[in-house]
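Dumping the structure here so I can ask a few things about it.
The values are calculated or read from the model by the stated rules, or taken from the named source; none is laboratory data. Predicted, not measured: the structure shown is a model, and the values here were computed from it. Heads up, the Cβs are rebuilt from the backbone with ideal geometry, glycines too, and the neighbour counts pull from every protein chain shown.
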Amino acid sequence: IEDLTPLYETTDFPVGVAIDSRETIGAPAQLLTRHFNQITAENHMKPEAWYDEAGNFRPHEQALTMMDFARDNDLRVYGHVLVWHSQTPAWFFTDSAGQPLTTSAADQQVLRDRLRTHIFNVAESMSERYGPFGSPTNPLYAFDAVNEVVSDSGEYSDGLRRSEWYRILGESFIDLTFEYADEAFNDVYAAEGADRPVTLFINDYNTEQSGKQARYLALVQRLLARGVPVHGVGHQFHVSLAMPVSALETALETFADLPVTQAVTELDVTTGTPATQAKFIDQGYYYRDAFRIFRAYADDLLAVTVWGLTDGRSWRSGNGGPLLFDDNLRAKPAYHGAVDGE
Ligand code: XIL
């Protein structure tokens, strides 16, 4: 591992990275703990990950490995994600005969019960093993409650994605998710006296683009006006070099006056292919400018997370290496830029 300035020491907010258990051992783990003080499970805390083949609830082995690793290395854990339209077992939305749930009052109640049970099982299983939320042995301090609920299109007046959650419960599934999660994480399974130990986020992508941003803002304002316990607004920021970095600043500024914190939850910057050295240098300037903006918004940001440790492990690796470190665990210009924005 190169002897470089730890990235997280150059910011006033935690810097996280999305991983699975492969990054909890050997040289990747050394690189991780040098530069990051927070982790997110890239896949293993998603709805489907909590169930075995038979549909029985149990934490995924890899989720536990990551939680253990975080606890043992003083890293925070940013949870991802309680409710999403993707990577969710199909049985959530069907009845015992395998038929799709309808919008009847009875079917809606079935789905509400499943939602509540899911959230309470997550909170209970994590607090049983790691202690109540807000206690020193439990590193979980934030969770994406709902992910990607905003529509990509402007065609709906409520601006919401037409998912199975939405089809059956309408917008109320968002309110319910936050209410159940706040009850479970911040009350029932919270340490005594702990003041809201788990910050609950809404999270979405393309929030740096104007149409999506306006729909996102309108939704968050509605939720807050209804008293829904949404504590944070997440920006995935899966961008490319073609996206002006000023758009990231506009996104943060748009939510800055609301009574919420914010987070950059899944940052990566594709170069396009072939990923030449010249493009990696441009990418270095991009990360420099992006981290300058994040530092300027430090008071509004709970954390900044990059979506993967090394280029080859990125879900977007087909579009050119989007991350801070290469496959030999060496710092790219992107790392130097991120640190240089200090
Ligand atoms: C991605 C993971 O990186 C992939 O490994 C997986 O196959 C699909 O999901 N928005 C999100 C993340 O909120 O959960 C997604 O993660 C990337 C887009």
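Hey, among the residues in the stretch 238-289 that are of a type in the set (Asp, Glu) and more than 27 Å from Ala145 (Cα to Cα), which one's surrounded by the most Cβ atoms within 10 Å (Cβ to Cβ)? Steps first, please.
Quick first cut of the stretch 238-289, residues of a type in the set (Asp, Glu) only: 249, 253, 257, 266, 268, 282, 289.
So of that shortlist, the ones also more than 27 Å from Ala145 (Cα to Cα) come out as 282, 289.
Values: Asp282: 17, Asp289: 19.
Here the answer is Asp289.
Is one or more of the residues making up the stretch 118-139 part of a strand (DSSP E or B), touching a helix residue (DSSP H, G or I) at 6+ places or on another chain (Cβ under 7 Å) and farther than 25 Å from Gly308 by Cα?
First, the residues of the stretch 118-139 that are part of a strand (DSSP E or B): 133.
Imposing the further condition that a residue be touching a helix residue (DSSP H, G or I) at 6+ places or on another chain (Cβ under 7 Å) reduces the set to 133.
Filter once more, keeping what is farther than 25 Å from Gly308 by Cα: 133.
Yes, because at least one residue in the stretch 118-139 is part of a strand (DSSP E or B), touching a helix residue (DSSP H, G or I) at 6+ places or on another chain (Cβ under 7 Å) and farther than 25 Å from Gly308 by Cα.
Also, I was wondering about something else. Quick one: which of Met45, Met67 is more than 19 Å from Phe201 (Cα to Cα), surrounded by 18 or more Cβ atoms within 10 Å (Cβ to Cβ) and either more than 16 Å from the ligand (Cβ to nearest atom) or at pLDDT 95 or above (or both)? Spell out the reasoning first.
Numbers: Met45 fails: more than 19 Å from Phe201 (Cα to Cα).
Selected residue: Met67, the only one of Met45, Met67 that is more than 19 Å from Phe201 (Cα to Cα), surrounded by 18 or more Cβ atoms within 10 Å (Cβ to Cβ) and either more than 16 Å from the ligand (Cβ to nearest atom) or at pLDDT 95 or above (or both).
Hey, any hits in the stretch 286-297 for a residue that's over 25 Å from Arg76 (Cα atoms) and more than 16 Å from the ligand (Cβ to nearest atom)? Spell out the reasoning first.
Initially, the stretch 286-297 is screened for residues over 25 Å from Arg76 (Cα atoms), giving 286, 289.
Checking the rest, the ones that are also more than 16 Å from the ligand (Cβ to nearest atom) come to 286, 289.
For the stretch 286-297, residues over 25 Å from Arg76 (Cα atoms) and more than 16 Å from the ligand (Cβ to nearest atom): present.
Suppose we keep only residues that are crowded, with 18+ Cβ neighbours inside 10 Å and over 11 Å from Phe93 (Cα atoms) within the stretch 104-119. Which one would you say is farthest from the chain's Cα centre (by Cα)?
The residue in question is His118.
If I ask for residues that are among the β-branched types (Val, Ile, Thr) and away from the ligand (no atom under 16 Å from the Cβ), which ones from the stretch 181-206 would you list?
Pass one, the stretch 181-206, residues among the β-branched types (Val, Ile, Thr): 188, 198-199, 202.
Correct list: Val188, Val198, Thr199.
Same structure, new question: Out of curiosity, is Pro244 assigned to a loop (DSSP other than H, G, I, E, B), over 21 Å from Gln108 (Cβ atoms) and touching a residue at least 40 places away in the same chain (Cβ under 8 Å)? Show your work before the answer.
Working: assigned to a loop (DSSP other than H, G, I, E, B): yes; over 21 Å from Gln108 (Cβ atoms): yes; touching a residue at least 40 places away in the same chain (Cβ under 8 Å): no.
No; evaluated as a whole, the condition is false for this residue.
What do you reckon, is Ser21 within 16 Å of the ligand (Cβ to nearest atom), without any contact (Cβ under 8 Å) to a residue 60 or more places away in the chain and either touching a helix residue (DSSP H, G or I) at 6+ places or on another chain (Cβ under 8 Å) or more than 21 Å from Ala338 (Cβ to Cβ) (or both)? Walk me through it before giving the result.
Working: within 16 Å of the ligand (Cβ to nearest atom): yes; without any contact (Cβ under 8 Å) to a residue 60 or more places away in the chain: yes; either touching a helix residue (DSSP H, G or I) at 6+ places or on another chain (Cβ under 8 Å) or more than 21 Å from Ala338 (Cβ to Cβ) (or both): yes.
Considered against the rule, which asks whether it is within 16 Å of the ligand (Cβ to nearest atom), without any contact (Cβ under 8 Å) to a residue 60 or more places away in the chain and either touching a helix residue (DSSP H, G or I) at 6+ places or on another chain (Cβ under 8 Å) or more than 21 Å from Ala338 (Cβ to Cβ) (or both), Ser21 comes out as yes.
Let me ask you something else. Which of (1) in contact (Cβ under 8 Å) with a residue 12 or more places away in the chain; (2) over 15 Å from Thr10 (Cβ atoms) does Leu324 not meet, given it meets every other one?
(2)
Of all the residues that make up the stretch 179-223, how many are within 30 Å of Pro244 (Cβ to Cβ) and assigned to a loop (DSSP other than H, G, I, E, B)? Spell out the reasoning first.
We begin by selecting, within the stretch 179-223, every residue within 30 Å of Pro244 (Cβ to Cβ); these are 199, 201-223.
Of the ones still in play, those that are also assigned to a loop (DSSP other than H, G, I, E, B) are 205-209.
Looking only at that region, the number is 5.
Do you know which residues across the stretch 70-103 are in a helix (DSSP H, G or I) and either crowded, with 18+ Cβ neighbours inside 10 Å or within 16 Å of the ligand (Cβ to nearest atom) (or both)?
Selection gives Ala70, Arg71, Phe92, Phe93.
Taking the stretch 220-237 as the search range and keeping residues that are aliphatic (A, V, I, L, M), farther than 12 Å from Asp204 by Cα and surrounded by 15 or more Cβ atoms within 10 Å (Cβ to Cβ), which one is farthest from the ligand (Cβ to nearest atom)? If you could, list the steps in order and put the result at the bottom.
To start, the set of residues in the stretch 220-237 that are aliphatic (A, V, I, L, M) comprises 220, 223-225, 228, 230, 233.
Still in the list and also farther than 12 Å from Asp204 by Cα: 223-225, 228, 230.
Filter once more, keeping what is surrounded by 15 or more Cβ atoms within 10 Å (Cβ to Cβ): 223, 228, 230.
On the way: Leu223: 19, Val228: 20, Val230: 17 Å.
Only one residue fits best here, namely Val228.
Shifting gears a bit: Of all residues in the stretch 301-341, how many are assigned to a helix (DSSP H, G or I) and either under 18 Å from the mean Cα position of the chain (by Cα) or not charged (D, E, K, R) (or both)?
12
Here is a further query. Quick one: Ala27 ticks every box in (1) farther than 22 Å from Gln87 by Cα; (2) within 16 Å of the ligand (Cβ to nearest atom); (3) of a type in the set (Gly, Ala, Ser) bar one, so which box is it?
Looking at each condition in turn, Ala27 falls short on (2).
Condition first: assigned to a loop (DSSP other than H, G, I, E, B) and of a type in the set (S, T, N, Q). Now tell me which residues in the stretch 145-163 satisfy that. First the steps, then the outcome.
Our first condition is that a residue be assigned to a loop (DSSP other than H, G, I, E, B); within the stretch 145-163, this holds for 148-149, 151-159, 161-163.
Once the filter is applied, which keeps residues that are assigned to a loop (DSSP other than H, G, I, E, B) and of a type in the set (S, T, N, Q), the stretch 145-163 yields Ser151, Ser153, Ser157, Ser163.
Are any residues in the stretch 123-144 more than 16 Å from the ligand (Cβ to nearest atom) and either under 18 Å from the mean Cα position of the chain (by Cα) or surrounded by 22 or more Cβ atoms within 10 Å (Cβ to Cβ) (or both), and if so, which ones? If you could, list the steps in order and put the result at the bottom.
Here is the first cut: in the stretch 123-144, the ones more than 16 Å from the ligand (Cβ to nearest atom) are 123-141.
Across the stretch 123-144, the qualifying residues are Ala123, Met126, Phe133, Asn138, Pro139, Leu140, Tyr141.
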